[in-house]
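The values are calculated or read from the model by the stated rules, or taken from the named source; none is laboratory data. Being a predicted model, the structure only gives us computed values, none of them experimental. Because the Cβ atoms are built from the backbone with ideal geometry, glycine has one as well, and the counts that use them run over all protein chains shown. These accessible areas exclude ligands, DNA and RNA; they are computed on the full protein's heavy atoms, side chains included. Shrake-Rupley method; radii C 1.70, N 1.55, O 1.52, S 1.80 Å.
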Amino acid sequence: MIYITGDTHGDFFRIQDFCRRQETGYEDIMIILGDAGINYYDKKRLIALKDSLRALPITFFCIHGNHEKRPQTVAGYEEEIWNGGMVFVQREYPNLLFAKDGEIYDFDGLRCIAIGGAYSVDKYHRLQNNWGWWADEQPSE
């Protein structure tokens, strides 16, 4: 089954509850449209989050938003073909997949192009408050 949700901002409690209620498996796909928040935190917090997501019985397909680093700029990600398109994945987290902009993916016969990112109108507010902001979170020309 394919499920779609919006921003999670690193908070996956509702997804954990959803997986439990729906009795999902790794063959099920949760598409996260926007700020997943997975590549946002410092290394210790990032590892804890990824470990908790690896334990959930579902495959995450994340289309990056703004407010987090793009996976191709984070050490440890590799590219591989998944559902007809290229994704970024870390071997230790095989159920956390990140879309590559411009790739076309096949979901049960439906072909979809992934284009992530959005302009951050809050860039200066985030910088002033020492919150994360990365130049590559913005869509490229």
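On a per residue basis, the chain carries 57 Å² of accessible surface, using protein heavy atoms and a 1.4 Å probe. What is the angle, in °, between the Cα long axis of helix 43-54 and the longest principal axis of the Cα atoms in the chain? Nearest 10 is fine, range 0 to 90. With rounding to tens, the tilt is 20 degrees. With contacts taken as Cα pairs under 8 Å at a separation of at least 6 residues, the chain carries a relative contact order of 21 percent.
Only the Cβ atoms of Lys and Arg (+1) and of Asp and Glu (-1) were treated as charged; on that basis the dipole of the chain about its Cα centre amounts to roughly 460 debye. Once you have a ≥ b ≥ c as the square roots of the Cα gyration tensor eigenvalues for segment 1-88, tell me rounded if a/c is under 1.5, and otherwise prolate or oblate according to whether a/b is larger than b/c. Oblate, since a/c reaches 1.5 and b/c is not below a/b. Split the accessible area of the chain by element, probe 1.4 Å, and carbon with sulfur accounts for 54%. Largest to smallest in accessible area, the residues Ile113, Ile58 fall in the order Ile113, Ile58 (1.4 Å probe, all protein chains included).
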